[in-house]
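Participant: Sharing a structure, written as structure tokens. Questions coming.
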Amino acid sequence: MRGKFIVLEGPDRCGKSTQAKLLYNYLLEKGFDVVLTREPGGTKIAEQIREILLKPELDVRPVAELLLYEASRAQHTQEKIIPALQEGKMVICERYTMSTSAYQGYARGLDLKMIDTLNHIATTGLTPDLTLVFLMSDKYFSSRGEYLFSDRLEREDKEFRDSMRQGYKNLAAKTENAYLLEADDDVDSIHRRVVELLEKHHITDLCPSKKS
Ligand code: TMP
């Protein structure tokens with residue numbers, strides 16, 4: 001029986017890593033076998049692709065950027081996500097296909113249908129059982145230090161970020177099992193909301209990896 005695939009999405013610094021770790025610990029405590037992973041990255045090859053993608057000094061052209069994200073995804077999906085799901089595990093992934101539609105599609109301006117096709121090829125049709133999209137105001141992003149520790153994508157301007165955020169709203173509205181969560185709330189309230197959504201979707205009832 002297949003495990004469950006939970007994806008956390010949203011703009012940079014929206015708090016999804018914190019929520020991913022809280023969720024990971026919550027599920028471990030419940031006795032599940034859990035894999036916590038991320039995109040771009042998650043495997044040796046995909047992490048090397050991540051380095052290329054995020055280095056601020058590299059001038060990666062838009063289509064090359066798109067294909068590198070998809071190459072990272074194809075490797076990660078085949079090598080790590082699908083095998084874990086086949087073993088009945090719970091897989092939590094920071095970012096997946098919706099990031100590409102929001103960043104390379106809505107913000108960078110590449111064709112959304114082309115991105116859907118490439119996403120389908122890279123994932124071999126795998127879709128999340130639950131997608132949680134964390135959105136906070138742009139004011140919050142700036143107040144957290146715009147250029148501090150920033151990678152190549154984080155250095156994009158406000159127009160890019162506004163289009164990406166609007167993209168997330170549109171995508172969340174039309175994607176099955178996807179929810180927008182208010183990321184300005186406090187960490188514990190957001191975690192409680194995440195757990196409520198897992199329960200609503202019977203994620204923990206239906207995942208086979210629970211140890212007795
Ligand atoms: P992270 O820092 O949240 O791990 O993500 C790395 C950056 O890559 C982040 O700025 C978002 C960006 N990104 C894309 O532009 N397209 C994608 O498909 C993915 C997965 C991430």
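All of the numbers you see were taken from the coordinates with simple rules; none came from a lab. Keep in mind that what you see is a predicted model, and the values were worked out from it rather than measured. Cβ placement follows ideal geometry from the backbone for every residue including glycine, while neighbour counts extend to all protein chains displayed.
Participant: Using θ = phi - 60° and the Karplus form 6.51 cos²θ - 1.76 cosθ + 1.60, what ³J(HN,Hα) does each residue of the range 8-15 get, whole Hz, x for Gly and Pro?
Facilitator: Once rounded to whole Hz, the list reads 10, 10, x, x, 4, 6, 8, x.
Participant: Return one number: the angle in degrees, 0 to 90 and rounded to the nearest 10, between the long axis of the Cα atoms of helix 187-200 and the longest principal axis of the Cα atoms of the chain.
Facilitator: It is inclined by approximately 60 degrees.
Participant: Angle, helix 158-174 long axis vs. longest principal axis of the chain, Cα atoms, 0 to 90°, nearest 10?
Facilitator: 30
Participant: Give the long-range amide H neighbours of Ala178: residues separated by 5 or more places, or on another chain, with amide H under 5 Å away, using H modelled in the peptide plane at 1.01 Å from N.
Facilitator: Thr131
Participant: Express the relative contact order of the chain as a whole percentage, based on alpha carbon pairs under 8 Å and six or more residues apart in sequence. Let's see the in-between values first.
Facilitator: Values: 333 pairs, mean separation 71.9, N = 212.
That works out to 34 percent.
Participant: Sticking with this structure for a sec: Full-extension gain between Met114 and Leu58, please, as 0.36 nm times their residue separation minus the C-alpha to C-alpha distance. Walk me through the numbers before you get to the answer.
Facilitator: On the way: separation 56, 0.36 × 56 = 20.16 nm, distance 2.43 nm.
In short, 17.7 nm is gained.
Participant: Work out which chymotrypsin sites (Phe, Trp or Tyr not before Pro) in the chain are exposed loop sites (DSSP not H, G, I, E or B, at most 15 other Cβ within 10 Å) and give the longest gap free of them.
Facilitator: Details: sites that count: Tyr147, Phe149.
No qualifying site falls inside 1-146, the longest such stretch.
Participant: Give a residue-ordered list of calculated ³J(HN,Hα) values for the range 119-131 (Karplus: 6.51 cos²θ - 1.76 cosθ + 1.60, θ = phi - 60°; whole Hz; x for Gly, Pro).
Facilitator: 4, 5, 5, 5, 9, 6, x, 5, 10, x, 6, 8, 10
Participant: Simple spin-label model, 7 Å along Cα-to-Cβ: Asp205 to Tyr26 in nm?
Facilitator: 1.7
Participant: Mind listing the phi-derived Karplus ³J(HN,Hα) values for the range 38-47, rounded to whole Hz, using 6.51, -1.76 and 1.60 with θ = phi - 60°, and x for any glycine or proline?
Facilitator: 8, 10, x, x, x, 9, 4, 5, 5, 5
Participant: For the chain, which span is the longest to avoid every loop-located (per DSSP) member of GluC sites (Glu not before Pro) having at most 11 other Cβ atoms inside 10 Å?
Facilitator: Values: sites that count: Glu57, Glu176.
Answer from the scan: 58-175.
Participant: Right, something else. Round to the nearest 0.05 the FRET efficiency obtained for Arg152 and Ile121 when R0 = 25 Å and r is the Cβ-Cβ distance. Walk me through the numbers on the way to the answer.
Facilitator: Values: r = 24 Å, r/R0 = 0.97.
Efficiency computed from Cβ-Cβ geometry: 0.55.
Participant: So who's got an amide H within less than 5 Å of the one on Leu8, skipping anything under 5 residues away but keeping other chains? H placed 1.01 Å off N, in plane.
Facilitator: Close amide H contacts, sequence-distant or interchain: Cys93, Glu94, Arg95, Leu132.
Participant: Label-point separation (nm) for Asp184 and Asp162, each offset 7 Å from Cα along Cα-to-Cβ?
Facilitator: So the label points at Asp184 and Asp162 sit 1.7 nm apart.
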